[in-house]
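Everything below concerns the one structure shown next.
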Number of protein chains: 4
Amino acid sequence: MVFLPHRHQVQYYETDQMGVVHHSNYIRWFEEARVFFMDQMGFGYDEMEKAGVFSPVIEAHCTYRSSVRFHDQVLVFARIEQCSGVRLTVSYRVIDADDHTLRAEGETRHCFLNRQGRPVSLKKENPAVFRLFEALVGQDNESFIAGQPG
Amino acid sequence: MVFLPHRHQVQYYETDQMGVVHHSNYIRWFEEARVFFMDQMGFGYDEMEKAGVFSPVIEAHCTYRSSVRFHDQVLVFARIEQCSGVRLTVSYRVIDADDHTLRAEGETRHCFLNRQGRPVSLKKENPAVFRLFEALVGQDNESFIAGQPG
Amino acid sequence: MVFLPHRHQVQYYETDQMGVVHHSNYIRWFEEARVFFMDQMGFGYDEMEKAGVFSPVIEAHCTYRSSVRFHDQVLVFARIEQCSGVRLTVSYRVIDADDHTLRAEGETRHCFLNRQGRPVSLKKENPAVFRLFEALVGQDNESFIAGQPG
Amino acid sequence: MVFLPHRHQVQYYETDQMGVVHHSNYIRWFEEARVFFMDQMGFGYDEMEKAGVFSPVIEAHCTYRSSVRFHDQVLVFARIEQCSGVRLTVSYRVIDADDHTLRAEGETRHCFLNRQGRPVSLKKENPAVFRLFEALVGQDNESFIAGQPG
């Protein structure tokens, strides 16, 4: 399976008075990339919620490497780092779409909840999706960069 | 009943690269003021949703009079302009908390929905809250300004 | 010149606990569409700011017609309604990208400021961009819909 | 010096369709608390920027312990963990204002930039503020909790 990175066009409302993107937005871009990754997996996050499994963030981390400005385009690469039945770890790399400079790196950790908000094992609740995540651990979409015009 | 205006401390993340508050945030301040108004009414919006009545925005309007900057404090005055059984209109004035300069004015219009997302009449669904809104039409909290140190 | 509408993929962080997109985000989508429109004009908003002309919103209006949900795609059509030297009016239509249902309509009004924050006439400050806007008044990208698969 | 925690009233627009506060907002609350902390220090972040020193976030981390809902109030405790001339580390604890349940914990790291965006040493650029930060390392406002009615 070939996974494309998520492309984000930086919006004016994402900037702050320092003239660059406010740091809280990167956490949102991670979510955009995670959702896009699941779409490419063939099982979207919207479908997962409809199937009664929710996956809230229990930890988020971002290291900011260089500034992103209004009108820039960034590519966000998501990668499943780990998926046990009860925890999911996804890592992210944000790079400039033009010159591929690293802008930020980060990680989110997730648990799985049912409709009642009770922690569940994805392995038991939805074995098919669990196996998908498991099979994709470490799957890299960085190679995408090599082949693109930039 | 004396209604206080909602006091909002302007945050850094609300600014954009023009060095002032991004215009989309005022729509959020209107919501803050509306929620605070209902708290003072004695029937909070959280309780209204728990009682199964939702009140989405069907129209929003804002006129921006002068810029608001990081670290400013603004007062947002909300006023019920109209409440039929099926529609609610609330108007807002945003003023600088220090010198009372007018920053913005606006209005939101709302309908009422039940848990199933069907339009309902508040008058039938929750007559007590309807009568509260009705009794507060035109109720002004501007007089508050006169008496405050500023 | 053919103008494409702006395509927006609805994100999870744009929803609220009513299960639909929070109304404040539409004001942001209008900005996205305005920026995209100017990109297609051949003179982006980023270039306009670099040239020392800023165009803050002095009025915003939105009528919400039907709900937009997570994972939906919407098309936002922008249209220059009026451009005098000192004021710009842009209107917007938000439609579902799949079935073309109208989701929202709105308008923003803008003035022009120089780097010092003083109101200026775009006609004097940047006659070329002024003539572009003027030539595009009423230019419709709705026809785009007719020809697309949807 | 006694430092009060920052009190945040949770807004409707901060929720997402999971019915709880979207995780990106906590990063914003950290900023609110950091700004409030500096206000109490007697040298606000607005004054710091006016003095030509900017303090962007170079790393952010948050661990989410339990959900926060619309209409909740949270207290955010900020603590200076470290301040060298060139780096600042601030930690945060978010607790429910009513029952003091821990909601989240986190940390942000910052560098210092001058107006030209060049890294500077706060120690050299603004020794007075540097000494303030240094003197406050480890200063706890948790004791505040013990004495408050809750």
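The values are calculated or read from the model by the stated rules, or taken from the named source; none is laboratory data. On a predicted model such as this, the values are computed, not experimentally measured, just so you know. In this analysis, Cβ positions are derived from the backbone assuming ideal geometry, glycine residues included, and neighbour counts consider all displayed protein chains.
Can you tell me which of D:Asp98, D:Asp140 is in contact with a Lys or Arg (Cβ under 7 Å, 6 or more places away or on another chain) and not in a strand (DSSP E or B)? The conditions single out D:Asp140. Residue count for region A:101-117 satisfying the condition of being more than 13 Å from the chain's Cα centre (by Cα) and either not in a strand (DSSP E or B) or not hydrophobic (A, V, I, L, M, F, W, C) (or both): 8. For B:Arg93, state whether it is farther than 30 Å from D:Met48 by Cβ and in contact with a strand residue (DSSP E or B) (Cβ under 7 Å, 6 or more places away or on another chain). So B:Arg93 passes the test. In the condition set (1) touching a strand residue (DSSP E or B) at 6+ places or on another chain (Cβ under 8 Å); (2) over 22 Å from B:His61 (Cα atoms), C:Ala128 is compliant with all but (1).
This table checks each residue for (1) on the phi > 0 side of the Ramachandran plot; (2) among the hydrophobic types (A, V, I, L, M, F, W, C); (3) modelled with pLDDT of 95 or more; (4) touching a His at 6+ places or on another chain (Cβ under 8 Å).
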| site | (1), (2), (3), (4) |
| --- | --- |
| D:Asp99 | no, no, yes, no |
| D:Cys111 | no, yes, yes, no |
| D:Leu122 | no, yes, yes, no |
| D:Glu142 | no, no, no, no |
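For region D:7-57, the set of residues classified as over 19 Å from B:Thr15 (Cβ atoms) and β-branched (Val, Ile, Thr) consists of D:Val10, D:Thr15, D:Val20, D:Val21, listed by residue number.
Taking (1) closer than 26 Å to B:Glu14 by Cβ; (2) surrounded by fewer than 16 Cβ atoms within 10 Å (Cβ to Cβ); (3) not hydroxyl-bearing (Ser, Thr, Tyr) in turn, A:Val86 satisfies each apart from (1).
Among the residues making up region A:89-101, those that are more than 19 Å from A:Tyr12 (Cα to Cα) and not polar (S, T, N, Q) are A:Val90, A:Tyr92, A:Arg93, A:Asp99, A:His100. Within the bounds of region C:55-62, is there any residue that is within 28 Å of A:Tyr45 (Cβ to Cβ), free of Cβ contacts under 8 Å to residues at least 60 places away in the same chain and buried (at least 19 other Cβ atoms within 10 Å of the Cβ)? Yes - at least one qualifying residue is present in region C:55-62. A:Tyr64: touching a helix residue (DSSP H, G or I) at 6+ places or on another chain (Cβ under 6 Å), of a type outside the set (A, V, I, L, M) and under 29 Å from D:Arg87 (Cβ atoms), yes or no? For A:Tyr64, the condition - touching a helix residue (DSSP H, G or I) at 6+ places or on another chain (Cβ under 6 Å), of a type outside the set (A, V, I, L, M) and under 29 Å from D:Arg87 (Cβ atoms) - is not met.
Within region A:104-118, residues that are more than 14 Å from D:Thr63 (Cα to Cα) sit with their Cβ atoms under 6 Å from residues that are outside any loop (DSSP other than H, G, I, E, B) and of a type in the set (Phe, Trp, Tyr), at 6+ positions apart or across chains, in these pairs: A:Ala104/A:Tyr26; A:Ala104/A:Tyr64; A:Leu113/A:Phe54. Taken residue by residue, region D:34-47 has no member that is within 12 Å of the chain's Cα centre (by Cα), farther than 17 Å from A:Pro56 by Cβ and among the small types (Gly, Ala, Ser).
Can C:Val90 be described as in contact with a His (Cβ under 9 Å, 6 or more places away or on another chain), farther than 23 Å from B:Gln17 by Cα, hydrophobic (A, V, I, L, M, F, W, C) and in contact (Cβ under 8 Å) with a residue 60 or more places away in the chain? Here the answer is no, as C:Val90 does not meet what is asked. Considering only residues that are over 18 Å from D:Ser24 (Cβ atoms) and of a type in the set (A, V, I, L, M, F, W, C), which ones fall in region A:39-62? Listed by number, the residues that qualify are A:Met41, A:Phe43, A:Met48, A:Ala51, A:Val53.
The single residue among D:Tyr12, D:Tyr26, D:Tyr45 that is of a type in the set (Ser, Thr, Tyr), in contact (Cβ under 8 Å) with a residue 60 or more places away in the chain and crowded, with 18+ Cβ neighbours inside 10 Å turns out to be D:Tyr26.
Can you confirm whether B:Arg131 is farther than 23 Å from B:Arg7 by Cα and within 14 Å of chain D (Cβ to nearest Cβ)? No: the conditions fail for B:Arg131.
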